[in-house]
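Colleague: Sharing a structure here in structure tokens format.
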2 protein chains.
Amino acid sequence: MIRKTRKSTSMKIEQFIAQSAGKWRSMRSSHSLAFQHFEEIISTIQITIIPNKDEQVLELLKANLDINLDPISPFKMSWEASSDWEEVDDSSMSSGSSILIPLPTSEDKGLILRSMGYTESTKARSSYQILLDGTLILSTQYEQSIAEERIWFVSTNVRCRSSIVKTSNGIGVLQTSFASEVRLTN
Amino acid sequence: MIRKTRKSTSMKIEQFIAQSAGKWRSMRSSHSLAFQHFEEIISTIQITIIPNKDEQVLELLKANLDINLDPISPFKMSWEASSDWEEVDDSSMSSGSSILIPLPTSEDKGLILRSMGYTESTKARSSYQILLDGTLILSTQYEQSIAEERIWFVSTNVRCRSSIVKTSNGIGVLQTSFASEVRLTN
């Protein structure tokens with residue numbers, strides 16, 4: 001504890017999630033780089049901290065028995081979107097919810113288990129780190145792709161979220177997206 | 001030099017600009033938060049490193065005689081945009097160019113002088129810092145607003161750029177934007 005730096009605190013992910021709890025209105029733009037295609041989505045996102053002993057948390061931990069780390073601030077994220085596409089192919093993306101369980105390995109790094117991934121609808125494990133300026137960086141290896149997300153607070157009530165989807169070898173960049181999220185309620 | 005950290009190098013901004021030089025195709029989305037309005041812009045951006053003794057560089061330095069710092073890798077940025085707006089109110093934004101002069105104060109921090117600002121068409125001074133993960137953060141105080149930009153490389157040929165425009169008191173967030181930039185030529 002002697003080498004603690006000035007800006008760091010005991011458990012940054014806990015604070016980040018506490019700050020994220022609430023209902024948000026999200027404006028999201030995604031860019032398909034190869035096709036120069038834009039997509040715009042307005043959605044509402046609800047982030048709710050749930051108890052460590054919640055049944056869904058226990059179930060997700062049970063599915064990841066190879067990881068022996070203590071969960072902190074598990075939360076549920078649910079969203080409801082209205083896309084600019086007239087027909088949404090993948091209706092599972094327009095609304096849904098996911099359980100997320102942070103498992104810190106150090107003050108600013110760790111893993112996050114998700115009951116449903118962001119780009120592929122399967123269970124996923126992300127690694128995270130929090131930069132000195134407070135940006136949360138998430139990296140998730142899916143079967144067909146790698147997603148890198150950055151989430152940062154612009155003010156207490158506005159946060160930004162960018163995501164980059166790469167091919168699974170990490171070379172090609174398939175898609176990027178950016179969301180501006182404005183708090184509706186705590 | 002004894003306290004140099006592992007990841008840092010002699011002058012990070014120089015490397016960042018060298019990596020940015022070239023012609024880029026940009027897909028940019030901007031979000032007006034109050035009106036939930038999206039705007040999409042496709043443009044080409046050319047970034048060219050110019051000599052310290054270039055006439056436009058000397059002129060911009062002369063206009064900032066109160067700053068006594070050595071310039072490094074001054075560059076010219078020019079852009080040509082095609083907006084989705086049928087009538088572009090501010091035609092100066094759809095194409096133009098700007099001279100930028102980095103003036104490092106330390107390995108990873110400094111000022112950047114611009115001959116034309118991003119959100120307001122006047123000369124501007126930005127402060128910059130480069131985070132350990134390589135992200136360049138620019139902060140510019142204009143008369144009516146504060147702009148905060150982040151630029152980071154996703155791969156050698158893809159970079160992302162986000163910007164947040166706040167009210168000049170730093171409280172209200174007026175607009176955000178996000179650009180995905182793909183290299184066309186070096």
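Colleague: Kindly tabulate the residues in the stretch A:8-49 with an accessible-area decrease of at least 30 Å² between the chain alone and the assembly of all protein chains, using a probe of 1.4 Å.
Modeller: By number: A:25, A:27, A:29, A:31, A:33, A:36, A:38, A:40, A:42.
Colleague: Note the full-extension length gain between residue B:64 and residue B:131 as 0.36 nm times their separation in residues minus their Cα-Cα distance, in nm to one decimal.
Modeller: 21.5 nm
Colleague: Still on this structure: Using a label position 7 Å from Cα in the Cα→Cβ direction, what is the ascending list of nm distances from residue A:139 to the same site in the other copies?
Modeller: In ascending order, 2.8 nm.
Colleague: Rank-order B:164-177, A:34-47 by packing density, defined as the average count of other C-beta atoms within 10 Å over each peptide's residues, highest first.
Modeller: Result, highest mean Cβ count within 10 Å first: B:164-177, A:34-47.
Colleague: Between residue A:58 and the same site in the other copies, what are the distances in nm, shortest first, taking label points 7 Å from Cα along the C-beta direction?
Modeller: 7.8
Colleague: How much of the accessible area of the stretch A:113-182, probe 1.4 Å, is carbon plus sulfur, in whole percent?
Modeller: 49
Colleague: Over 32 Å between Cα atoms, which of A:23/A:166; B:23/B:166; A:12/A:166; A:23/B:23 qualify?
Modeller: Going by Cα-Cα distance, A:23/B:23 fall outside the 32 Å limit.
Colleague: For A:158, A:182, give the ranking by accessible area with the largest first, probe 1.4 Å.
Modeller: The ordering from most to least exposed comes out as A:182, A:158.
Colleague: At a probe radius of 1.4 Å, figure out the A/B buried accessible area, summed over both chains, and give it in Å² to the nearest 100.
Modeller: 2900
Colleague: When Lys and Arg each count +1 and Asp and Glu each count -1, what net charge do the other residues less than 12 Å away from residue A:44, Cβ to Cβ, add up to?
Modeller: Surrounding charge for residue A:44 is +2.
The values are calculated or read from the model by the stated rules, or taken from the named source; none is laboratory data. If you're wondering where the values come from, they're calculated on a predicted model, not measured in any experiment. Neighbour counts run over all protein chains shown; Cβ positions are idealised from the backbone, glycine included. All accessible areas refer to the heavy atoms of the entire protein, side chains included, with ligands and DNA or RNA removed. Shrake-Rupley method; radii C 1.70, N 1.55, O 1.52, S 1.80 Å.
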